[in-house]
Amino acid sequence: MTSAITPQHGIDSGFGARSTADDVLKGIDLSGRLALVTGGYSGIGLETTRALVRAGARVVVPARRPEQARENLAGLDGVEVAALDLADLESVSAFAERFLASGRVLDMVINSAGIMACPETRVGPGRELQFATNHLGHFALVNRLWPAIEPGGARVVSVSSLAHHFSPIRFHDLDWREGYDKWGAYGQAKTANVLFAVHLDRLARDRGVRAFSLHPGGILTPLQRYLPQQEMIDRGWIDAEGNLLDPDAFKTPPQGAATQVWAATSPQLDGMGGVYLEDCDIAGPAPADGSRPVGVKDWAVDPEQAARLWTVSAELTGVNAFA
């Protein structure tokens, strides 16, 4: 029996932009549940880990900087740190091998790690760093961990961004060799995060695994590490002293973590999947005229584009759990 495709419109969850990760977990007991949170030691990933632990979950945090991760997570019970560099497919494979050898089953995977608007950087065989890290690394990770994801009927959460509005997938030039643009490349990687969830859900929903993508909101965290201060001043985010000019324009980290925690745990989403979320609800379509920066672009939820990207990603990473 084929699970229904979830429509891309709100369900009146009762939560909103100012809800926190703890708010959406109220009354939910995650005792005995195992989560994996990439980037779970910084920014909204750290808040996600904290909230899941408070609700009783155990959390595995793969980290490019394990020592920094252990320092940031000190004092949190039920958390383990392991080395993983998403930009290095051999590192992804090694992490997955070690995890699978433990024989454990995952209940949720939250792909929260990411980099944003970095200078032109290439890894491996010339891959553009944002696409390699934000998309290909997570694609390979989930496919390699599939033997631990399927048995638990896990939810897989792909943390995208409103920045997916900036660019569709440039299949003719995935690595931005034709005039690199840091925001365009970031946008493409975030579109890829949405399309990944669309096709994973299509492949996996009859096996009890559902996938979601989301925009967490605007939050000032270490994600902005590559942005010069002057650029953030020019964008009207901060003043010359680094103070927020309009605090209401940004979420706090606990608010920024809420939508991904809701996606991973909420019973309100039982039986659903393959949709893009924002502000702890299913998002609607983006306005066709681009008048408001909300909702999901058609190019990010197009099932044909999602299937094409999956095929290309499998070729580039050498892994496909559904082949």
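The values are calculated or read from the model by the stated rules, or taken from the named source; none is laboratory data. It should be emphasised that the depicted structure is a prediction, and the values quoted were computed from it without experimental measurement. Because the Cβ atoms are built from the backbone with ideal geometry, glycine has one as well, and the counts that use them run over all protein chains shown.
Just a few scattered comments:
- Scope the stretch 162-182; condition in contact (Cβ under 8 Å) with a residue 60 or more places away in the chain, assigned to a helix (DSSP H, G or I) and either among the β-branched types (Val, Ile, Thr) or surrounded by fewer than 24 Cβ atoms within 10 Å (Cβ to Cβ) (or both); matching residues: Leu162, His165, Lys182
- Boolean, Ala185 is surrounded by 22 or more Cβ atoms within 10 Å (Cβ to Cβ), modelled with pLDDT of 95 or more and closer than 24 Å to Asp298 by Cβ: yes
- Of all residues in the stretch 259-273, those that are outside any helix (DSSP H, G or I), in contact (Cβ under 8 Å) with a residue 24 or more places away in the chain and either surrounded by fewer than 24 Cβ atoms within 10 Å (Cβ to Cβ) or basic (Lys, Arg) (or both) total 3.
- Only one of the numbered conditions (1) touching a Pro at 6+ places or on another chain (Cβ under 8 Å); (2) closer than 20 Å to Ala211 by Cα; (3) not hydrophobic (A, V, I, L, M, F, W, C) is violated by Asp22, and that is (2).
- Of residues in the stretch 274-289 being touching a residue at least 40 places away in the same chain (Cβ under 8 Å) and either assigned to a helix (DSSP H, G or I) or among the small types (Gly, Ala, Ser) (or both), the one nearest to Ala17 (Cα to Cα): Ala283
- Evaluation of Glu67 against the conditions (1) touching a helix residue (DSSP H, G or I) at 6+ places or on another chain (Cβ under 9 Å); (2) not in a loop (DSSP other than H, G, I, E, B) shows that the sole unmet condition is (1).
- The C-beta contact set for the stretch 301-322 (first residue surrounded by 13 or more Cβ atoms within 10 Å (Cβ to Cβ), second residue not in a helix (DSSP H, G or I), distance under 6 angstrom, 6+ apart or interchain) comprises Leu309/Ile169; Ala314/Asn320.
- Residues within the stretch 109-161 that are outside any helix (DSSP H, G or I), among the polar types (S, T, N, Q) and within 24 Å of Ile282 (Cα to Cα), tallied: 5
Yes/no matrix, rows are residues, columns are (1) of a type in the set (A, V, I, L, M, F, W, C); (2) surrounded by 16 or more Cβ atoms within 10 Å (Cβ to Cβ); (3) modelled with pLDDT under 95; (4) closer than 26 Å to Asp201 by Cα:
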{"site": "Val61", "(1), (2), (3), (4)": "yes, yes, no, yes"}
{"site": "Glu67", "(1), (2), (3), (4)": "no, no, no, no"}
{"site": "Asp88", "(1), (2), (3), (4)": "no, yes, no, yes"}
{"site": "Glu97", "(1), (2), (3), (4)": "no, no, no, yes"}
{"site": "Val109", "(1), (2), (3), (4)": "yes, yes, no, yes"}
{"site": "Ala132", "(1), (2), (3), (4)": "yes, yes, no, yes"}
{"site": "Leu136", "(1), (2), (3), (4)": "yes, yes, no, yes"}
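- For Val157, the criteria (1) modelled with pLDDT of 95 or more; (2) over 17 Å from Gly45 (Cβ atoms); (3) of a type in the set (Val, Ile, Thr); (4) touching a strand residue (DSSP E or B) at 6+ places or on another chain (Cβ under 9 Å) hold in every case but one, which is (2).
- Filter pass, Ile5 being part of a loop (DSSP other than H, G, I, E, B), of a type in the set (Val, Ile, Thr) and either on the phi > 0 side of the Ramachandran plot or in contact with a Lys or Arg (Cβ under 9 Å, 6 or more places away or on another chain) (or both): yes
- Under the condition of being in a helix (DSSP H, G or I) and not hydrophobic (A, V, I, L, M, F, W, C), the residues counted in the stretch 35-64 number 7.
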